[in-house]
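Novice: Got a structure for you, questions after.
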Amino acid sequence: MEWSADARLAATPEEAWYLSTAFTPGLQLGTVYDDPTTPVMVTGIEELTSIRIPSGRIIVDAPFHDDEIWEYERGEPTQPPRELVQRVRPGTYRVELAWTAGPYEFFGEQFDGVACAATRLVISDDAVAGWEMGLAVGDDIDRLPPGEQFRFFSDANVGCFADASAWTTLAAPFRTFVDGRPVERDTQMLSDSCERLSDDTLGADLVTFTAESGGVVWLGRTATGDVACIAVTSGMPGAKA
């Protein structure tokens, strides 16, 4: 039996096109802002790193929130992270970036316009047949107003994938502040200013990625409904998803 998305969660045709195109090198994703004659092309997919998810439970959220710094400094309770309802097999998975390029001129200087259009957590290499919005624990689709979407928010324009069972330990370095300023953290620096933080005792990781103001979490499903990937777009101007 073929999978069919809940109409309330299914990506619109434009959103599905954007998500699929972003991960297909050689295709045109759009045009340069204020210059419809210059295309923005998908130039390649980069394997950013790997991530261990020993619990099979995944958090997709900002690693910290600016409006909770007071609570971080004083050890006060904060809002729980957005843990996806969708579970995956415990294991190690690839995190990939979709790169685009759209050359432009600014004050007489030429720029290559290279940018990350989307990030995905690859669960399998099976083909994606459709996209749907990923629900988090506590989301109630019956109470979502028409036209609205569930999403995470990030004032710092940073999102992350992380193992849910190790969240407290993995997120702690991002939530350590003194006098309102973050304390330097010991993380592995990756492409596009992404970071990877590991806890070998728990065998789990947290990987950050660019997400302008946060974003919708998209589940790429196969024809049978299995999850092939979990994706978040980077918030490019004029993006359809």
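Novice: If you check Val95 against the conditions, is it within 28 Å of Trp17 (Cα to Cα), at pLDDT 95 or above and surrounded by 12 or more Cβ atoms within 10 Å (Cβ to Cβ)? Explain how you work it out, then say what you get.
Specialist: Details: within 28 Å of Trp17 (Cα to Cα): yes; at pLDDT 95 or above: yes; surrounded by 12 or more Cβ atoms within 10 Å (Cβ to Cβ): yes.
Against the criterion (within 28 Å of Trp17 (Cα to Cα), at pLDDT 95 or above and surrounded by 12 or more Cβ atoms within 10 Å (Cβ to Cβ)), Val95 qualifies.
Novice: Within region 126-180, how many residues are charged (D, E, K, R) and farther than 24 Å from Thr12 by Cβ?
Specialist: Qualifying residue count, region 126-180: 4.
Novice: Just to be sure I understand, how many residues within region 113-155 are under 17 Å from Ile45 (Cα atoms) and of a type outside the set (Ser, Thr, Tyr)?
Specialist: 14
Novice: Give the residues of region 165-209 that are farther than 21 Å from Glu76 by Cβ, of a type outside the set (S, T, N, Q) and in contact (Cβ under 8 Å) with a residue 40 or more places away in the chain, sorted by residue number.
Specialist: The answer is Ala166, Leu190, Asp192, Cys194, Arg196, Leu202, Gly203, Ala204, Asp205, Leu206, Val207, Phe209.
Novice: Here's something else I'd like to know. Exactly one of these conditions fails for Pro182: (1) open to solvent by 10 Å² or more (accessible area, probe 1.4 Å); (2) within 19 Å of the chain's Cα centre (by Cα). Give me its number.
Specialist: For Pro182, the exception is condition (2).
Novice: Sticking with this one: State all residues of region 202-215 that are at pLDDT 95 or above and farther than 14 Å from Ala156 by Cβ; if no residue qualifies, say none.
Specialist: Passing the criteria: Gly203, Ala204, Asp205, Leu206, Val207.
Quick grid of which residues meet (1) among the hydrophobic types (A, V, I, L, M, F, W, C); (2) in contact with a Ser or Thr (Cβ under 6 Å, 6 or more places away or on another chain); (3) more than 19 Å from Pro90 (Cα to Cα):
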site	(1), (2), (3)
Trp131	yes, no, yes
Thr187	no, no, yes
Gly214	no, yes, yes
Arg221	no, no, no
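Novice: Next up: With respect to Gln149, is the statement that it is open to solvent by 50 Å² or more (accessible area, probe 1.4 Å) and assigned to a strand (DSSP E or B) true?
Specialist: no
Novice: Could you go through region 102-110 and let me know if any residue there is touching a residue at least 12 places away in the same chain (Cβ under 8 Å), more than 14 Å from the chain's Cα centre (by Cα) and under 30 Å from Leu9 (Cα atoms). Before the answer, list the steps.
Specialist: Within region 102-110, the first condition is being touching a residue at least 12 places away in the same chain (Cβ under 8 Å), and the residues that meet it are 102-104.
If we keep only those that are more than 14 Å from the chain's Cα centre (by Cα) too, we end up with 102-104.
Next cut, under 30 Å from Leu9 (Cα atoms) only: none.
Checking region 102-110: not a single residue is touching a residue at least 12 places away in the same chain (Cβ under 8 Å), more than 14 Å from the chain's Cα centre (by Cα) and under 30 Å from Leu9 (Cα atoms).
Novice: Let me ask you something else. So in region 1-37, with the set limited to residues that are part of a helix (DSSP H, G or I) and more than 18 Å from the chain's Cα centre (by Cα), which one is farthest from Tyr104 (Cα to Cα)?
Specialist: Result: Pro13.
Novice: Can you name the residue in region 51-77 that is over 18 Å from Val158 (Cα atoms) and not charged (D, E, K, R) and is also most open to solvent (accessible area, probe 1.4 Å) among such residues?
Specialist: Step by step, filter region 51-77, then rank; the result is Trp70.
Novice: Could you please let me know if Gly30 is crowded, with 16+ Cβ neighbours inside 10 Å and either touching a helix residue (DSSP H, G or I) at 6+ places or on another chain (Cβ under 6 Å) or modelled with pLDDT under 95 (or both)? Please lay out each step first, then the result.
Specialist: On the way: crowded, with 16+ Cβ neighbours inside 10 Å: yes; either touching a helix residue (DSSP H, G or I) at 6+ places or on another chain (Cβ under 6 Å) or modelled with pLDDT under 95 (or both): yes.
It is true that Gly30 is crowded, with 16+ Cβ neighbours inside 10 Å and either touching a helix residue (DSSP H, G or I) at 6+ places or on another chain (Cβ under 6 Å) or modelled with pLDDT under 95 (or both).
The values are calculated or read from the model by the stated rules, or taken from the named source; none is laboratory data. Just so we're clear, the structure is a prediction, and the values are computed from it rather than from any experiment. As a convention, Cβ positions derive from the backbone with ideal geometry for all residues, glycine included, and neighbour counts pool all protein chains shown. Keep in mind that these areas ignore ligands, DNA and RNA; they rest on the heavy atoms of the full protein, side chains included. Shrake-Rupley method; radii C 1.70, N 1.55, O 1.52, S 1.80 Å.
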